[in-house]
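Following: one structure in structure tokens, then a few remarks.
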Amino acid sequence: MIILYTPAKIIQTESQRRFTVAAKVKVGILGAGYIAGVHVKALSKIPGVTIAAVCSLPRETAVSLAGKVAGKSPAVYDDFDAMLKAQQLDALFVCLPPFAHKGQVEKAARRGINVFVEKPLGLSSKQAVSMAAAVKKARVVGQVGYHMRFGTAVQKLLKLITSGKAGTPTLFDASYACNSLHGEWWRNRTMSGGQVFEQAIHLYDLAQLLLGAPVAVSGAARNLCHTKVPGYTIEDTSASVIQFKSGAVASITSTNCAVPMEWAGRFTVVCGRLTAVFSDHNNAEFVYTGGKQVTREVVQGAADAYLEEDRAFIAAVRKHGRSPASLDDGVTGVKLVEAVLKSSARKGAAVAVR
């Protein structure tokens, strides 16, 4: 039997359900690249949110992004400290590439500003831990940009796992595939961390979200297709096996040698009473195996995961509540991808995740 599941919108968090119309939130944006534009578009759809300031280097990029904000144009800065001093912000969206994280999150937290930080939190777990610690100490809301958590099918599976209806999670099998040179900084390991840091980390996050606490990682990472590309110092082929405290296992691969102009993140989750095969975070086939008869459910969604994660963050800020993707989750994500590269350097020897 096949059931078609087509929800009108994403499953909401408890905080979202309690806040349909709420207090005004004054937001600043740090960074003016592609992902900053995505958040500007999403935030414009949330009632009560005002984008008050944009900061970026060079200044021209901040001016360009500010011009895309509907209504009153935000103030423009090319100095982060000057923006913090001049603006009374409720929240800050940190949309910087990994190499550009230089204490901005910590500074904002010390001023009592809630922070949303795009993944990854940094180029090392030490840097990520510093951000998470600052947010905890200041008792502000922190959220990391793991938008795939907010997909329709992912949310449905998470609910089934949490309720126990899916049975024990046992396996997460995932792959990320693309073929693009991206920007020069992205190809440089000292600036981006590599493909596992910048792209596949979304799958590593889903693994920890659905399977629990990781304890060890074995990995391999190589540059096989881009050896003649100047400045390409990152891996374009990687694979890992992750062991979890529960006994569950994950297998994650990534490649930058696949189909040009396609970015595909696919994964399968096997639980004791359910196998879920995802074509992306919104769409999947759920195969229920715990009854007398195997049944299949097609889960189809079109949720704007970026909008949903921003809604969740703003709701948490208004309530001063808990984020559904905390900076601690961001720390674990960095530790996982960091361990893949460490293990690869040690010829695949397992690396503990602490």
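Restricting attention to the range 239-272 and to residues that are more than 18 Å from ALA207 (Cα to Cα) and surrounded by fewer than 17 Cβ atoms within 10 Å (Cβ to Cβ), the residue that is nearest to the chain's Cα centre (by Cα) turns out to be TRP263.
In the range 239-285, what residues are within 30 Å of LYS228 (Cα to Cα) and either aromatic (Phe, Trp, Tyr) or free of Cβ contacts under 8 Å to residues at least 12 places away in the same chain (or both)? Hit for the range 239-285 is TRP263, nothing else. Quick one: ALA82 ticks every box in (1) surrounded by 15 or more Cβ atoms within 10 Å (Cβ to Cβ); (2) modelled with pLDDT of 95 or more; (3) small (Gly, Ala, Ser); (4) not in a loop (DSSP other than H, G, I, E, B) except a single one, so which number is it? Condition not satisfied by ALA82: (1).
Matching residues to (1) in the same structural domain as LYS26 (by TED's automatic domain parsing); (2) in contact with a strand residue (DSSP E or B) (Cβ under 6 Å, 6 or more places away or on another chain); (3) part of a strand (DSSP E or B):
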| site | (1), (2), (3) |
| --- | --- |
| ALA52 | yes, yes, yes |
| LYS68 | yes, no, no |
| SER73 | yes, no, no |
| LEU89 | yes, yes, no |
| LYS107 | yes, no, no |
| LYS119 | yes, yes, no |
| ALA128 | yes, no, no |
| ALA134 | yes, no, no |
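Being farther than 26 Å from PRO97 by Cα and within 22 Å of the chain's Cα centre (by Cα) is a property that GLY301 has. Scan the range 18-39 and give yes if some residue there is assigned to a helix (DSSP H, G or I), within 25 Å of the chain's Cα centre (by Cα), at pLDDT below 95 and within 20 Å of ALA316 (Cα to Cα), otherwise no. Yes, some residue in the range 18-39 is assigned to a helix (DSSP H, G or I), within 25 Å of the chain's Cα centre (by Cα), at pLDDT below 95 and within 20 Å of ALA316 (Cα to Cα). Scan the range 301-354 for residues that are in a loop (DSSP other than H, G, I, E, B), of a type in the set (Lys, Arg) and either at pLDDT below 95 or in contact with a helix residue (DSSP H, G or I) (Cβ under 9 Å, 6 or more places away or on another chain) (or both) and the total you get is 2.
A quick yes/no check of all residues on (1) crowded, with 17+ Cβ neighbours inside 10 Å; (2) charged (D, E, K, R):
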| position | (1), (2) |
| --- | --- |
| VAL135 | yes, no |
| ARG139 | no, yes |
| GLY142 | yes, no |
| ARG149 | yes, yes |
| GLY164 | no, no |
| MET191 | yes, no |
| LEU206 | yes, no |
| THR237 | yes, no |
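Which ones in the range 235-245 are over 15 Å from VAL269 (Cα atoms) and of a type outside the set (D, E, K, R)? Result: THR237, SER238, ALA239, SER240. If the condition is being touching a helix residue (DSSP H, G or I) at 6+ places or on another chain (Cβ under 9 Å), in contact (Cβ under 8 Å) with a residue 24 or more places away in the chain and not charged (D, E, K, R), then the range 71-83 contributes PRO74, TYR77, PHE80.
The values are calculated or read from the model by the stated rules, or taken from the named source; none is laboratory data. This one's a predicted model, so the numbers in the text were calculated from it and none came from an experiment. Positions of Cβ are generated from backbone atoms using ideal geometry, with glycine treated the same way; all protein chains shown enter the neighbour counts.
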